[in-house]
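Data first, discussion second: the structure below is written as structure tokens.
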Amino acid sequence: MNIDLEWRHFDVLVIGSGGAGTNAAESAAKAGASVLLVAKDPLSASDTKISEGIATVRASGSEDDTEEALSENLKIAGSDLPVEEITSAFAKDSQTAYDKYRENGLRPEISSITKGPNSLPLPMGGHTRRRSVGHKNSGLAFGHANWNAIVKENKIEYLEDCWVIDLVTSENSDDIRTVEGAIVYDAQKGRILAIRSPSVVMAAGGLSTLYFPKTDTMRGNTGDSYAIAARAGAELVDMEQTQFLPFCLTSPPSFEGLLGGEPVTASYLGVLRDKNNKVILDGVYLRTRAECSAAIMKAVENGRGTPNGGAYLDMRANKKAPKSGTYFMKFLQNSLPSAYNNVRQAMNKKEAQCDELWEVRPSAHYMMGGIRVDENGQSIGDKNSNNGVQGLYAAGQAMGGLFGANRLGSTSLTEGAVFGSRAGFAAALYSRNFNNNEINKDLFLKEAYKLNDLLGQRGTNHASQLKIQVQKECWNNLGPIRDKKRLKKTQQFISRCRKDLKKVRIGKNLLWNQSLIEYLELVNMIDTAELMTYAALERDGSVGGHVRADCKDISIFSKPYSTKVKVRKSHIEVSKIDRKRTELKKLVEFKFKEQKRFLEAKLLRLLPMRFKDAIIEKRYKKIMGSKNQAPPIEPGSIEAAVGEQKVL
Amino acid sequence: MNERLQNSLEYLNVTIITHKEGTDLPTKFKYKKRSQKEKPMALDILLQAQEKQLPDLAFRYGCRARNCGVCTIDINGKPRIACRAVVREGDELKAMSTLPVITDLIVRRDQISRQLKGKIYEGGRKNDLNLEASEDYHELTSCIECYACLDKCPMHEKNFSETKSDQDCFQWGNPFSLLKLQTIATDPVSTVARKEAAVSAALELGLETCLDCPGCKCGVGIDLKGKVIKPLLQTSKLAD
């Protein structure tokens, strides 16, 4: 067998060039490490770049904002699944992480009062303080800052168009695995790289492409982070916790999956209807995303779905109200401009004016679960860092433990910066002990031969087409609603798929071999989907982003736990990890407030129009303030679905 | 209804220029519309072509909402952002002509960022980060890096006529690189030294070529001539 490997040696290898990867590379380089950043997409083209560009900066708006308050907000929002050490680290570093973005050119509006970054006028839902900072040009402003961070000095080496095949690890007698480096396919140059690196920061994003085109995120989210880490022996937590946004577009194809609205923009009188015009969910603005998604998907299952497999969002009543109606359209346009822009382009005029119904369907938006890490992003196991994968770090969507079952608004950009920096720094320190280590070439060759065997594989299947089948399967059986039968079905589908993989035709060429690229991503998608099915079966109840149609809701009073999955000797092990519950007193208070809100909403609906109208008008005025402008809302955040608020 | 009309309601015929090992190969593709009124974008065509006819067709895409800037291709010889470019009967879809083609519609992009490696942010910054940026600064950071501006850029063309194009980074500049440098020049946090370094980097990249050029066109509507080229020419004293 003959394989040409190009050997390279670095202290830290960073995978991914979004917010997390960039911050990791920058802080590792600053700590004196030699750094290689590899990414399959062009530099800084990531979910960070296409985000709404709102970041959490503690105390930017409210002076009395403490680290404890921010950490607690995250924990309660995530139904007590988040790990306290991790939420505390987030709270501790939010300001310094944000300033790193500013050092690289992010320029917020400066408040004349605080003389610092101007935060949004109201606390975003789920946050008890004003601490969310919006930016002109949304995520693009962050994209440029990331780009600058990598390009500005000659410290960080980077390669685009590179797919990581697998990490190379060694194993000791106690079953503890240690990172030795990675095998990387460089499609642009047509070569295979053997990267010797004692530490790796996994920052390759999420898994929403498992549901393509029912997603509003970047194409590259093929679950690479989770699949590669799991194959290297890492533990993953909360892999059933995927966030779906319920009100996304269904057509035309170019807009399919993109965001149309959020529960809160359906406003006080918005309802969901099935194809027979029957109301399937009212009080939409108070509902959680999972409730909305479940209502839509249940209608579809019962044969009452709309032509494109969704439901109708009816906001006509908001508009018809004589007084408050005039505020509604402004509220809709201002609070979620990017989403409304999609609607205006994709739908007809009457629909865009809310005089007709919108056809909507859920889309995958964010992965809250991920690689089990400590507060420095280091892979851990039950005995903390001692039995995680040594030298493996994760940040951003790749990591788990920060958001648990739900994510607060404006937190994901800060997540990337905080844990990117922490992971990069920790990886650099760890690698200092490995300077003159010998390379175990055989370990690398073993991985490289696997790739060599794939090149020129014969068969009649095409990976790009199998991908579409996987996406359909994930949508149907691992999507916004799940049950045991369907999850088992997905597992059977996956084992059939693995057989099909052996008959995928792969070209021999090394220069941009698309069939190989499709194959590698397909494998990552299948591996990730399988891990998710195990976690989703283990969590036999609904909580946060995970809806089990065949089980009850998990009460907030029950003992919280995270699911844990791990690959061991090509079997998947699944179990539970106990998490700490918030004080009972606070939970009771929360439940009481929730009931009160629903009762109020119900009363409001039953009131005669003129009373209803006056009350709603007053509310709009309060939200929009003197400028007559609604503050922007971040898709996926809690304030875009007030039913998910868990703030006391 | 006659057959031809029926056909045009259901299908759209395009040519996709695939590219393997240095050779272009035109491939006819019949796009099946999902409804009669559908006006597919170039990306819809490429996705369906990959699903139905060319399983290994290579092309870049990302957000499908004109934000990430990676899906730019040439349609009938002009650079367009594929996810938001409506395709018409008979159109030709091809890799961007302004960058080296690797395979099919994939072009190599990183020779551009590499030409600024180590050149931006020279000269330090002010300690105070709480300085508000101007509207001009924000207009420049609305760039999505689609590289549509490379089209007909005489400075960028020099990379192919005067030097070898297989190097790791381009010697001569382009509107995007100049935009990045002008962003530094308008950044309130930049020191005088950093601003000067940015302008000399622009000169090194061949700014004087802009003197004889009617101007460049941005893929997302940034006023490149007014907000990038003119101010750089003025600060560098190449023009008044």
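The values are calculated or read from the model by the stated rules, or taken from the named source; none is laboratory data. Because the structure is a prediction, the values reported are computed rather than measured. Positions of Cβ are generated from backbone atoms using ideal geometry, with glycine treated the same way; all protein chains shown enter the neighbour counts. The protein model used for the area step is the full one, side chains on, heavy atoms only, and it has no ligands, DNA or RNA in it. Shrake-Rupley method; radii C 1.70, N 1.55, O 1.52, S 1.80 Å.
For this structure, a couple of remarks:
- Cross-link partners of A:LYS591 among lysines (Cα-Cα below 18 Å; sequence separation of 8 or more within a chain): A:LYS75, A:LYS552, A:LYS559, A:LYS602, A:LYS646
- In terms of packing, defined here as the mean over residues of other Cβ atoms within 10 angstrom, the peptides A:262-269, A:499-506 line up highest first as A:262-269, A:499-506.
- Of all aspartates and glutamates in the structure, those lying under 12 Å Cα to Cα from A:LYS564, and not within fewer than 8 positions of it along the same chain, are A:GLU235, A:ASP238, A:GLU240, A:ASP382, A:GLU538, A:GLU573, A:ASP578.
- Residue-averaged beta-carbon neighbours from other chains (10 angstrom radius) around B:143-153: 2
- The residues packed around A:PRO362, meaning those with a beta-carbon under 14 Å from its beta-carbon, carry a net charge of 0 if Lys and Arg are +1 and Asp and Glu are -1.
- The range A:419-543 shape via C-alpha gyration tensor axes, a/c threshold 1.5: oblate
- For the range A:345-483: rounded, prolate or oblate by the Cα gyration tensor [a/c cutoff 1.5]: oblate
- Taking other residues whose beta carbon is less than 9 angstrom from the beta carbon of A:ILE183, and scoring Lys, Arg as +1 and Asp, Glu as -1, yields -1.
- Lys, Arg +1 and Asp, Glu -1 on Cβ, resulting dipole of the range A:32-191 about Cα centre, debye, nearest 20: 880 debye
- Greater than 18 Å apart at Cα, pairs in A:LYS323/A:LYS622; B:LYS119/B:LYS225; A:LYS214/B:LYS94; B:LYS195/B:LYS227; A:LYS319/A:LYS612; A:LYS152/B:LYS126: B:LYS119/B:LYS225; A:LYS214/B:LYS94
- Within the same chain, aspartates and glutamates fewer than 8 places from A:LYS586 are excluded, and of the rest, those with a Cα less than 13 Å from its Cα are A:GLU72, A:ASP80, A:GLU594.
- Unit charges on C-beta of K, R, D, E only; dipole of the protein assembly as shown, Debye: 2840 debye
- Kirkwood estimate for the range A:267-426, i.e. one over the average of 1/r between Cα atoms, Å: 18.6 Å
- Charged neighbours of A:LYS489, selected by a Cβ distance under 12 Å, balance to +4 (K, R count +1; D, E count -1).
- Just the protein heavy atoms count here, and of the accessible area of the range A:486-638 at 1.4 Å, carbon and sulfur take up 56 percent.
- Solvent-accessible area, 1.4 Å probe, carbon plus sulfur percent, for the range A:243-396: 44 percent
- Cα gyration tensor shape for the protein assembly as shown, rounded if a/c is under 1.5, else prolate or oblate: rounded
- Positions from the range A:502-516 whose accessible area shrinks by 40 Å² or more when the full protein complex is built, not the chain alone, probe 1.4 Å: A:TRP512, A:GLN514
- Interface area, B with A, accessible, probe 1.4 Å, both sides summed, Å² nearest 100: 5200 Å²
- Within the accessible area of the range B:39-109 (1.4 Å probe), percent carbon and sulfur: 44 percent
- Listed residue pairs exceeding 29 Å between alpha carbons, taken from A:LYS502/B:LYS32; A:LYS136/B:LYS217; A:LYS485/A:LYS585; A:LYS92/A:LYS383: A:LYS502/B:LYS32; A:LYS485/A:LYS585
- Accessible surface calculations at 1.4 Å, restricted to protein heavy atoms, place the protein assembly as shown at 38 Å² per residue.
- GluC sites (Glu not before Pro) restricted to the range A:1-80 and DSSP loop, no more than 16 other C-beta within 10 Å: A:GLU63
- Legend: residues in the range B:95-136 shielded by at least 50 square angstrom of accessible surface upon adding the remaining protein chains to the isolated chain (1.4 Å probe, heavy atoms) are B:ILE102, B:SER113, B:ARG114, B:LYS117, B:ILE120, B:TYR121, B:LEU129, B:ASN130, B:GLU132.
- Average beta-carbon neighbours from other chains, 10 Å sphere, peptide A:213-222: 3
- Placing +1 on the Cβ of every Lys and Arg and -1 on the Cβ of every Asp and Glu, with nothing else charged, gives the range A:368-441 a dipole about its Cα centre of roughly 80 debye.
- Applying both filters, DSSP loop and at most 16 other Cβ atoms within 10 Å, to the trypsin sites (Lys or Arg not before Pro) of the range B:35-116 gives B:LYS37, B:ARG88.
- For A:41-51, mean number of other protein chain Cβ atoms within 10 Å: 6
- Loop-located trypsin sites (Lys or Arg not before Pro) in the range A:228-306 (DSSP state other than H, G, I, E, B) with a sparse environment of at most 12 neighbouring Cβ atoms within 10 Å: A:LYS278.
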